[in-house]
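In what follows, a single structure is set out as structure tokens and then discussed.
Bear in mind these aren't lab numbers, they're just calculated from the coordinates by the rules spelled out. Owing to the predicted nature of the structure, the values given are computational and were not obtained by experimental measurement. Glycine gets a Cβ as well: all are built from the backbone with ideal geometry, and neighbour counts include every protein chain shown.
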């Protein structure tokens, strides 16, 4: 009997803001692929349904043409929480087929396998918003020790290990299909994959002794760049002259990256091509960091870093936490970000000193004060940046960003922009 797969969102998406303002949780990256790609790789389902918050349905339909969004049907379906970090043995822990069952991890719903009337009842509610266990009238429950990502820094924390896991999950094998110029130094060659159309220029160093290095199709590594695995470089991305890419770093497609990057995720279509340090950070799409932008990822007293999440300060329990920046945000030259800084969607940060540790979406300014970044101006900037990559800022994106602008209005008021008051 064929069993379909459904990736769903729960209320945990709120702790992953601002990254999840513009995408479902399962389109966040960790390791080689998105959370969705990893889950689908494990199960290889005949049909996949995608559940998301109502406000994301229009943009998801644009990004996944022909996909079944906020609907579910069939005889049996396995629903998987989109925050799940898939491992190769996931299908053994949560089999695709079997009796109706809920799988939990503490208070979180990890998965639900349902059939018959349970599917028909859920189909009536699935488009209303995030899913929770009380929507499933299933008697059987099993506890698991699987990992659900609950904060942005957890994606970064797991990224290096996930690159290693994904090397096997996506069935990579060592191989040099692309062009490797004379003068390239390579350590741990058995852990290196260079895809067709990629080029590694003279003087570059690939050190895969500590973990795999994957250079995707069309990517270019410029002279004297150093890459220390585990690292994933996405299609068509450029690693600039003399760059230092440390372990645990994922760079998505069509990015330009230079300077020093350590244990960070750069989603896609983003630029950090100049000197400056980025560490233990997650950058969304269409981000641009100006020359000599730096983020701190370690406090001078070596204490735990606290981060502002969904209205409260959260102790991460970690010594290293850097910048989280939402889609379409920018920094000017010489910008400095403090440990654990969170910058929302469509912000423009500039000026001397450290900006606030929490910058709401659609903000303009820096340490001397913040003001609202008018929606029309922000949309014009987004449209211009995307056009440089021959990508259209669609009406669906404009509708989504306008809604985010309205959703975050109270946050901008709370910060008392004119006085530049920071959070504790």
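Structure notes:
- Answer label for volume of the Cα convex hull per residue in Å³ (calculated), chosen among (i) 139; (ii) 149; (iii) 165: (i)
- Full-extension gain in nm, residue 292 to residue 11, via 0.36 nm per residue minus C-alpha separation: 97.4 nm
- Kirkwood radius and radius of gyration were both taken over the C-alpha atoms of segment 246-301, and their ratio Rg/Rh is 0.96.
- Among 302, 282, 373: highest mean-square fluctuation, GNM of the chain, C-alpha pairs under 10 Å: 302
- Antiparallel bridge percentage (DSSP; both residues within segment 274-424; nearest 5): 40
- Taking the DSSP bridge list for the chain and keeping only pairs wholly inside it, about 25 percent are antiparallel.
- Label reach from residue 384 (point 7 Å along Cα→C-beta): in segment 323-359, amide nitrogens under 20 Å belong to 327-335, 345-351.
- Sorted on the mean count of surrounding Cβ atoms within 10 Å across their residues, most packed first, peptides 338-351, 118-131 read 338-351, 118-131.
- Within segment 4-150, DSSP assigns beta bridges of which about 50% are antiparallel (rounded to the nearest 5).
- Inter-label distance, nm, simple model (7 Å from Cα along the C-beta direction), residue 312/residue 187: 4.5
- Cα-projected label distance for residue 93 with residue 217, points at 7 Å along beta-carbon direction, nm: 3.2
- Sequence-separation-based contact order of the chain, relative, with Cα cut under 8 Å and 6+ spacing, percent: 10
- Area projected by the alpha carbon convex hull of segment 350-413, averaged over all directions, nm²: 4.9
- Taking a ≥ b ≥ c as the square roots of the eigenvalues of the Cα gyration tensor, an a/c ratio of 1.5 or more together with a/b no larger than b/c marks segment 1-53 as oblate.
- Prolate/oblate/rounded call for segment 246-387, Cα gyration tensor, a/c under 1.5 rounded: oblate
- C-alpha center-to-center spacing [segment 314-350, segment 277-309] in angstrom: 5
- Shape call, segment 1-94: gyration tensor on alpha carbons, a/c limit 1.5: oblate
- Peptides 87-100, 283-296, 8-21 ranked from most to least packed by the mean count of surrounding Cβ atoms within 10 Å: 283-296, 8-21, 87-100.
- Pairwise label distance in nanometres, residue 140 with residue 171, each label 7 Å out on the Cα-Cβ vector: 3.0
- A protection proxy built from the mean count of other Cβ atoms within 10 Å ranks the segments 231-239, 195-203, most packed first, as 231-239, 195-203.
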